[in-house]
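Following: one structure in structure tokens, then a few remarks.
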Amino acid sequence: MIFFLIIGFSIVANDTPNDAGGSILITTYNIPEGTQKIELYRLAKGDTIYEEAGLIPPRGECEDVSVVDGVEYLYRVRAITEDTFYVAETKEFISSSPQWFNRTRITVLLFFILFGGVVLVYIELAKKNPKGLFIRKLPALDAIDEAVGRSTEMGKPVLFVPGLEGITDAGTLASITILEKVGKRVAEYGSRVIHPNFDPIVMTTAQETLKTAFSEAGRPDAFNKDDVFYLTYEQFGFAAGVDGIMLREKPGAIFLQGYFYAESLILAETGYSIGAIQIAGTNATTQLPFFVAACDYVLLGEEMFAASAYISREPRLLGSIKGSDLAKLAILCLIGAGVIFGTFAVIANNAGNPSYLGIFNRVLDFIARGNG
Amino acid sequence: MSISTSIWIWIAALLTLMIYSFLYKDNPFYRLAEHIFMGLSLGYTLVILWYDYIIPRIYQPLFFSPHQWSLIFPILLGMMTFGIFSKKYNWLIKYPLAFYVSAFAAIQIPVMLRSWILKQVEASFLTPDKFSSVFNSINAILIFVGLVTTLIYFYFSKKREHGFGAAATVGIVFIMVAFGAAFGYTVMARISLLIGRMQFLIQDWLGIM
Amino acid sequence: MKKRVPLLITFITGFIVIVSFFVPHRPFGALETETLIWYSIILGFTLLIGVDSLVRLHTRQIRRKKKGWWYSIVFFAGFFYCLTIGIISLIRTPNPFQPGTVFFYGYETILIPLQSTMFALLAFFVASASYRAFRARNLDATLLLITAVIVMIGRVPAGHKLWTRLPGIANWVFDVLQMGPMRGIMIGVALGAVAMSLRLILGIERTYLS
Amino acid sequence: MGFWQRLLQLDRKWIFLGIAIVVIIPLIKPLGLPIKPTKPVQDLFNYIDTLGPQSDAIFLVCDFDPSLMPELMPMIQSILRHCLTKGVPVILHGGLYPAYIGIAKMAIDEVAAEFPEKKSGEDYVFLGFIPGVTAVILAIGIDIASTFKTDYYGVPIDSLPMMYGIKNYSDISLVVDISGSSSPESWLMYGQERYSVNVGLGCTAVSAPSYYAFLQSGQFVGMMGGMKGAAEYEELLARKGYPAGKRPATTGMDSQSFAHLLIILLVILGNIGYFVVRRAERKAGMERRKR
């Protein structure tokens, strides 16, 4: 057998990092000119013959996923050109093993622990002293009382649309908290709330919520379960149905709170045309523009979460808002410090000292690693 | 100009017109098309469910080797959702719901942290290469200011006073510009869909052009 | 029992999924995919609830002979038609969505036009809403409408005809002006979602159990 | 009731009629307003235009449902035409979800009929649906033939002449995802980050804004956004003298222009009316109080 061991063409085998085992990472360097394919062979400790282990793609890197954890191997590659072939081998035995921690995800873990910790601490603090946490008041919240009041004066009902998402959506959950507040006001004023539904589970939850709200306002008898009903499971069918309700019942106040899709604009337009006060809120960022343009008050994305915390004064919601705020503050500080340090590093680099720029890039790399 | 002779194109065209008749007013033709649509899409959902869920995820792994008997648990949990139909066993649905809600939440956490937060923070760092020309520098600073003031706008646990309030005001200006851009693009997409339907009616059905 | 066990399920599931994201070692790494499979199976069942709700609604319409009840018959006709051709195609071919099957034919000639027409109705509504509801009622809405107008005009050939710079400005709005706030909104919404997920897993958030 | 008040209460049927007219008339009598390609589309076009019969293949993915056909179908067909004209080997994948395969079939049937000398398996390959979504994206990085086994027509992939030498992403110069969902992110996450394959995309106008960030960071080679993006690609094909089919996106552009102009006009008119009426009401309110 004739083969060439050329200087430069080499192979490195390592246990694939951050995996569940059963894989060895093979990297080849300085692949000879004109290579058509690279064959991989492997020798298990104790065996005498190299067995075939597949081909290496032209990039020169691959994972051998047919290995057994704990068994030690030697590797050999053959780079085959038109008229000859070149060989490279590993010198030391290598084995694969599973890892207990995926290091490429360390930034995610760090951020998760910090953020989660802050949220939990603030939830506890809020439990002890719910008045102690300040949350800015949102104009849309004052409007709730006004809207319900005005529609009662006019002898018109209130319409509450909870969006098209299921109970797992953060927007739907916030919507239920807001519904509680609206329900209480409606009960106090002796008005009526109509609540059409898209999702059957959201419907049962809304029924329970309104029932509680009415009893807490001291008017359990005024609650009519049939006002919370199931409409349809089809997007435009739902929009047409709600439109029909708007035109027939002429509600004085309309709440569009939850996750909406393309039908948002149909609902908001019809609501505007019947002259109702419209208070919208959604975490669907694509639909926010239509609400802003056509409704009187809008809770923009995260404002919805803040609003539900403000209304309920529930520690779990207050704590989360405070936690999110601190995370935002941390992000602001981080990128702010980045600007200052980065400017300094570039100046230092231009003055002939590249070490600070190196640190800057390493920090960036560390944050980026969360995406590995 | 040659009007189509294919019966299927005629059916499609008539259904299209029946839906559009809603623009004049709600009428029996629209109602008819709407209910055909709802019925068909429900049937379609069931066929997808069968083909995409039940066969590959339940039937095949359960009845062909290697049998994955552990799948019996999610199936049982899934069946408990039917508890919603009975007053007495209504509470049964809470078990699958608990699993479902929690799995969704837990899968969502790393995704959100990685691509919605960390990735965006990383992209927001001002690196030297963003200042390659005067125009690029101004743009980089505008993007940076847009992000910072937006974050300040969404900061809820501080009173809006002085500089902080001013920054939040700048933030809402940026937010509204972003919404305007999204608005424009969405309108564009809706019109495109209408053009597509009109092209069908004019070209494929009526044969004009 | 009726509340404790679900909370326990919530916690264990959430804990396992999160740990398996960081720990590739057995048994965690493999548990992530397993949970996903379980999740998708249960998702299928929750979809069935929606199907059932709709079928019930229309059965009730017919039984009570409510106004327009015969539309519900049309609904069932469409439903069973689609189901039948679906089943026929499922028996005959491995993939009923393959062109050539009866199911695909019905899908292509009836469902596709209906679906796209329904969606295209929005073009009309967007026009009427621009006239009747999109108002510059305050500074926010004014800014929004002005940007929208620039983008709408800048992104079509007519914009180039009006002023050659317009397309460039519209692109600049995208590349620069909207980038910062979009990132900020994404970060905010994501923080809210993570906080809620955490509350759910730890059993602090129980609204869904009521 | 003043003029503006009456105008504001105009029945919306007239507005609907207006939209229908500005959309239909330019379709029948096109004006041919010039289309100026933008950079993201130009980038995508240039990338494919430098390739030839000897280059690595284009992997074109059809990831959208029928309701988005007006925007996305012209894109997929333009890329197919471009590849077939230049002789670039092209693999059309019928999408990550089962319902998309029918659309891919319609696309390839129409384009293949325009190129009677091009043969399936020799000049282009059409792959069917297999379940798995992200698992499929990952598996293509290992071996296309063993992942798909046969092409859409049931011919084993190993026996297709075009597929000699095309094993996985390392033999693919570009993945073009024409998508109505978030699938381009999956191609980035699993295709690009794991196997460093280049990715380009075509998407609806609704989702275009959210992909600008990725485009800016260089993760996508180029992008077509909405019907306008498709029209720009058709224009680029036509400028080079390549066949561009019926150019459905381009013929739609005149309607698009006029519809936008009408909507802008409506926004302006509606707001003028709103302010005039509001002022009149305020004045009337004040006078009443004076009395």
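Data for the structure
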| item | result |
| --- | --- |
| Evaluation of A:Tyr230 against (1) in contact with a strand residue (DSSP E or B) (Cβ under 9 Å, 6 or more places away or on another chain); (2) facing chain C (nearest Cβ under 10 Å); (3) buried (at least 21 other Cβ atoms within 10 Å of the Cβ) (one fails), failing number | (3) |
| Residue satisfying condition, being crowded, with 19+ Cβ neighbours inside 10 Å and either in a helix (DSSP H, G or I) or touching a residue at least 12 places away in the same chain (Cβ under 8 Å) (or both), within set B:Leu49, B:Leu15 | B:Leu15 |
| Failed criterion for C:Thr164 (all others in (1) of a type in the set (S, T, N, Q); (2) in a helix (DSSP H, G or I); (3) surrounded by fewer than 23 Cβ atoms within 10 Å (Cβ to Cβ) hold) | (2) |
| Failed condition for B:Ala123, given (1) farther than 28 Å from C:Tyr81 by Cα; (2) in contact with a helix residue (DSSP H, G or I) (Cβ under 6 Å, 6 or more places away or on another chain); (3) within 7 Å of another protein chain (Cβ to nearest Cβ) | (2) |
| Residues of region C:122-141 satisfying the condition of being more than 7 Å from chain B (Cβ to nearest Cβ), assigned to a helix (DSSP H, G or I) and among the aliphatic types (A, V, I, L, M) | C:Ala127, C:Ala129, C:Leu139, C:Ala141 |
| Test: residue in region B:24-40 that is over 21 Å from the mean Cα position of the chain (by Cα), surrounded by fewer than 21 Cβ atoms within 10 Å (Cβ to Cβ) and among the hydrophobic types (A, V, I, L, M, F, W, C) | yes |
| Test for D:Phe214: is it more than 13 Å from chain B (Cβ to nearest Cβ) and at negative phi | no |
| From A:Gly352, A:Gly319, A:Gly336, residue being part of a loop (DSSP other than H, G, I, E, B) and not hydroxyl-bearing (Ser, Thr, Tyr) | A:Gly352 |
| Test for A:Gly149: is it surrounded by 15 or more Cβ atoms within 10 Å (Cβ to Cβ), closer than 23 Å to B:Tyr155 by Cβ and either away from chain B (no Cβ under 14 Å) or in contact with a helix residue (DSSP H, G or I) (Cβ under 6 Å, 6 or more places away or on another chain) (or both) | no |
| Test result for A:Lys137, surrounded by fewer than 21 Cβ atoms within 10 Å (Cβ to Cβ), within 14 Å of A:Ile311 (Cβ to Cβ) and touching a helix residue (DSSP H, G or I) at 6+ places or on another chain (Cβ under 6 Å) | no |
| Single residue of region D:198-232 satisfying the filter (over 20 Å from B:Gln120 (Cα atoms) and modelled with pLDDT under 90) that is surrounded by the most Cβ atoms within 10 Å (Cβ to Cβ) | D:Ala205 |
| Single condition C:Val74 does not satisfy, out of (1) at pLDDT below 90; (2) under 30 Å from D:Ala99 (Cβ atoms); (3) not hydroxyl-bearing (Ser, Thr, Tyr) | (1) |
| From the options A:Gln257, A:Gln207, residue that is under 23 Å from A:Pro289 (Cα atoms) and in contact with a strand residue (DSSP E or B) (Cβ under 6 Å, 6 or more places away or on another chain) | A:Gln257 |
| Region B:159-193, residues that are facing another protein chain (nearest Cβ under 7 Å) and closer than 25 Å to A:Gly319 by Cβ | B:Lys159, B:Arg160 |
| All positions within region C:27-54 that are more than 8 Å from every other protein chain (Cβ to nearest Cβ) and in a helix (DSSP H, G or I) | C:Phe28, C:Leu31, C:Glu32, C:Thr33 |
| Filter result for the condition that a residue is touching a Lys or Arg at 6+ places or on another chain (Cβ under 7 Å) and at negative phi, over B:Tyr30, B:Tyr24 | B:Tyr24 |
| Residue match in region D:235-247 (condition: surrounded by fewer than 20 Cβ atoms within 10 Å (Cβ to Cβ), aliphatic (A, V, I, L, M) and either under 11 Å from the mean Cα position of the chain (by Cα) or more than 13 Å from every other protein chain (Cβ to nearest Cβ) (or both)) | yes |
| Residue satisfying condition, being in contact with a strand residue (DSSP E or B) (Cβ under 9 Å, 6 or more places away or on another chain) and facing chain B (nearest Cβ under 8 Å), within set C:Ile146, C:Ile201, C:Ile185 | C:Ile185 |
| Number of the condition not met by A:Val339 [criteria: (1) within 27 Å of D:Phe214 (Cα to Cα); (2) more than 10 Å from chain B (Cβ to nearest Cβ); (3) more than 25 Å from the chain's Cα centre (by Cα)] | (2) |
| A:Leu125 being under 24 Å from the mean Cα position of the chain (by Cα) and outside any loop (DSSP other than H, G, I, E, B) | no |
| Qualifying residue in region B:79-94 (condition: at pLDDT 80 or above, in contact with a helix residue (DSSP H, G or I) (Cβ under 8 Å, 6 or more places away or on another chain) and more than 30 Å from A:Asp199 (Cβ to Cβ)) | no |
| Failed item, numbered, when C:Phe103 is tested on (1) assigned to a helix (DSSP H, G or I); (2) surrounded by fewer than 16 Cβ atoms within 10 Å (Cβ to Cβ) | (2) |
| Members of region A:199-217 that are touching a residue at least 24 places away in the same chain (Cβ under 8 Å) and more than 9 Å from chain C (Cβ to nearest Cβ) | A:Val202, A:Ala206, A:Leu210, A:Ala213, A:Phe214, A:Glu216, A:Ala217 |
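Residue by residue, here is whether (1) closer than 20 Å to A:Ile277 by Cβ; (2) assigned to a helix (DSSP H, G or I); (3) of a type in the set (D, E, K, R); (4) over 31 Å from the mean Cα position of the chain (by Cα) holds:
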{"position": "A:Phe214", "(1), (2), (3), (4)": "no, yes, no, yes"}
{"position": "A:Gly218", "(1), (2), (3), (4)": "no, no, no, yes"}
{"position": "A:Phe238", "(1), (2), (3), (4)": "no, yes, no, no"}
{"position": "A:Val242", "(1), (2), (3), (4)": "yes, yes, no, no"}
{"position": "A:Gly258", "(1), (2), (3), (4)": "yes, no, no, no"}
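The values are calculated or read from the model by the stated rules, or taken from the named source; none is laboratory data. Keep in mind that what you see is a predicted model, and the values were worked out from it rather than measured. Positions of Cβ are backbone-derived with ideal geometry, glycine not excepted, and every protein chain shown enters the neighbour counts.
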